[in-house]
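Shown next, in C-alpha cells, is the structure this report addresses.
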Amino acid sequence: MNSLHEIQVPASQAQGVMDHINGDRLMQMLRQLASFGMRNDSGVSREALTPTELEARQWLCSLFTGSQYQWVIDDAANLLLRREGTCPELAPVMTGSHIDTQPVGGWLDGAYGVMAGLEVLHALDDAGIQTRRAIEVVAWTNEEGSRFSPGAMGSSAFSQPDRLIGFLEAQDNDGHRFESARDAALQVTPAAKKAALGHPVHAYIEAHIEQGPVMELGGYSLGVVSSIQGVRWYEVTVHGNSAHAGTTPLMARQDALLTAATMVSQLGAEAAARNDHALRLTVGRFEVSPGSINTVADRVTFSVDIRHPQESELIAMQDLLGSVLERNVGTCTHEVRLLMQRSPTLFDDHVLSVLSAAVVATGVPHCSLGSGAFHDAMYLADCCPAAMLFVPSIEGISHNAAENTHTADLVAGAKALAFALVTLAIT
Ligand SMILES: [Zn+2]
C-alpha cells in the first residue's frame, strides 16, 4: 500500500471534482444510452457494431464538442474521448468499458463504466479543473463476444495490436465479417479522429456492475476489485462400445455414458469437498453418441470449466480432474484436451491504493473483492497499471433484462471514480 502521505497533495482537487458529480445527469445519460436498443421488457439489445450500436456511437460523438475535447477512433473501432491535460506529452489516465450488450442484455453492463467516465468529465468541467495528464474515456469494441467471437476484441487488440489481423476474419451468424462491421463504425463517426491501435497509458480504471450477489449480500455499495479469476476449459471424451440394449449383459458392456456420468458426479463431489468458496466448477455440455434409446453409448464428450483466483488452485484442480477420470474410467478409455486457459489477473497495487482512498472518501460501505467475470480491464492489465471498481447488482442479476443497480450506488461509484481518476491525472 502507498502511504496516505503520497496521495495527500491531490486529495483536495480530487475531492472537489467528486463533489461535482451530478447523479441526475449521470442517470439521464444512462437512460439515453439505454434508449438505443431498449426492449419492452426493459432489457437492451445492442450487440457489437449493429446499426443500433452504431447509432449509439453517433450519439456519443455528439457529446463533449468543446475545444478541450477530441473523439478518437482506432483500427479496432474502439471509440475514445480525450480531455486534454496541461502536459499533453504525458501518458493519459484512461477509464471506460463497453457499450455493446448480449442479444438480450441489461442496461448497465458496460454502459455504466462508459457513462460514469463521461460524468467525471462533466464534473471536471464544472469544477473548473485542468489535470496534468489527459483523461480518456473509452468504449471498447465487442466486449460481449456474442456477435463476433472472441469477446473483448477491442481491448485485447489495444493491448496487443497484432491480434487485430486475426479478429478481422471473424464472422457473425449471418456471415458478416468483423472487418466490414468495423469499417461501418469508422464511417459513421466522421468527427472522430482516426488513430493507430494502442498507445501508452499511465493507468486504467474500469467501473462496472458486479454481475453477482456478493456485494449486495454483504451490504456494500462499492467494491475495489483486486483480481480477475483465472479459467481453464477442458473437453473430455470417453470411448466405449456401442451394443444392443436388449441383448448385451451389463457386465459385458463398455458403456461410455454410465462411465462419463460417474466421472462427472465424482468430480462434483470431490470439488465440493474442498470447501473452497472461490472455486468454480461447471460441466455445461454433455454430448452422447449415437444418442439412441436402445443402443449402449459408444462415445460421450463433456466440457469442464474450472475457475479460481489462484493459479496454484487451477493446477490442483487439473490434477484432481486427471485423477478422477483415471479412477473411474473402468473398461472404457478416455482423452482430455485443454481448450483454453487464462491465468488470474492481479491488478496493480498503486492503482488499487488510489481506488481504496477513493472509496473511503465517498463514505459509503465498501469492500475488496475478486471478479468472477472477465472484463476489458483484464487485457488492459497486460499493457498498463489497471484496476476495477464495482457497484452491486440487485439480486446479482446480469445478462438479463432485469439487471439493475440502486441509483445511490451508481452515483457513489461515479464519485469514487472521479476521486481516483483525478488523483492519478494530477500527479
Ligand atoms: Zn461488461
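The values are calculated or read from the model by the stated rules, or taken from the named source; none is laboratory data. Note that the structure is predicted; figures quoted are calculated from it, not measured. Please note: Cβ atoms are built from the backbone with ideal geometry, for glycine as well, and neighbour counts cover all protein chains shown.
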*Scan region 165-204 residue by residue and report those that are polar (S, T, N, Q) and without any contact (Cβ under 8 Å) to a residue 60 or more places away in the chain.*
GLN171, ASN173, SER180, GLN187
_Anything in region 304-327 that is over 20 Å from ASP276 (Cβ atoms) and either surrounded by fewer than 14 Cβ atoms within 10 Å (Cβ to Cβ) or out of contact with any strand residue (DSSP E or B) (no Cβ under 9 Å at 6 or more places or on another chain) (or both)? List them, or say none._
GLU326, ARG327
*Does region 354-363 include one or more residues that are under 18 Å from the mean Cα position of the chain (by Cα) and either surrounded by fewer than 17 Cβ atoms within 10 Å (Cβ to Cβ) or not in a helix (DSSP H, G or I) (or both)?*
no
*asked:* Among the listed residues ALA181, ALA170, identify the single one that is of a type in the set (A, V, I, L, M) and more than 22 Å from MET378 (Cβ to Cβ).
replied: ALA181
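Please find, among GLN28, GLN32, the residue that is under 16 Å from ALA116 (Cα atoms), in the same structural domain as THR101 (by TED's automatic domain parsing) and free of Cβ contacts under 8 Å to residues at least 24 places away in the same chain.
GLN28
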*Taking the residues in region 367-377 that are modelled with pLDDT of 95 or more and within 11 Å of the ligand (Cβ to nearest atom) as candidates, determine which candidate is surrounded by the fewest Cβ atoms within 10 Å (Cβ to Cβ).*
SER371
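Does HIS208 count as of a type outside the set (S, T, N, Q), under 31 Å from the mean Cα position of the chain (by Cα) and modelled with pLDDT under 95?
The answer is no for HIS208.
One line per residue, one yes/no per condition, for (1) within 16 Å of the ligand (Cβ to nearest atom); (2) touching a Phe, Trp or Tyr at 6+ places or on another chain (Cβ under 9 Å); (3) aliphatic (A, V, I, L, M):
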| position | (1), (2), (3) |
| --- | --- |
| VAL17 | no, yes, yes |
| GLN58 | no, no, no |
| PRO88 | no, no, no |
| MET94 | no, yes, yes |
| PRO103 | yes, no, no |
*asked:* Checking the condition on the phi > 0 side of the Ramachandran plot and more than 21 Å from the chain's Cα centre (by Cα), which residue from GLY396, GLY330 passes?
replied: GLY330
*Of (1) β-branched (Val, Ile, Thr); (2) part of a helix (DSSP H, G or I); (3) away from the ligand (no atom under 16 Å from the Cβ), VAL114 satisfies all except one. Which?*
(3)
*Under 6 Å between Cβ atoms, at least 6 apart or on separate chains: pull out the pairs that start in region 302-322 with a residue that is within 13 Å of LEU339 (Cα to Cα) and end on any residue that is polar (S, T, N, Q).*
ASP305/THR282
*Please list, ordered by first then second residue, the pairs with beta carbon atoms under 6 Å, 6 or more apart or interchain, first in region 376-402 and closer than 20 Å to ALA412 by Cα and aliphatic (A, V, I, L, M), second part of a loop (DSSP other than H, G, I, E, B) and within 14 Å of the ligand (Cβ to nearest atom).*
VAL391/THR405; ILE397/GLU403
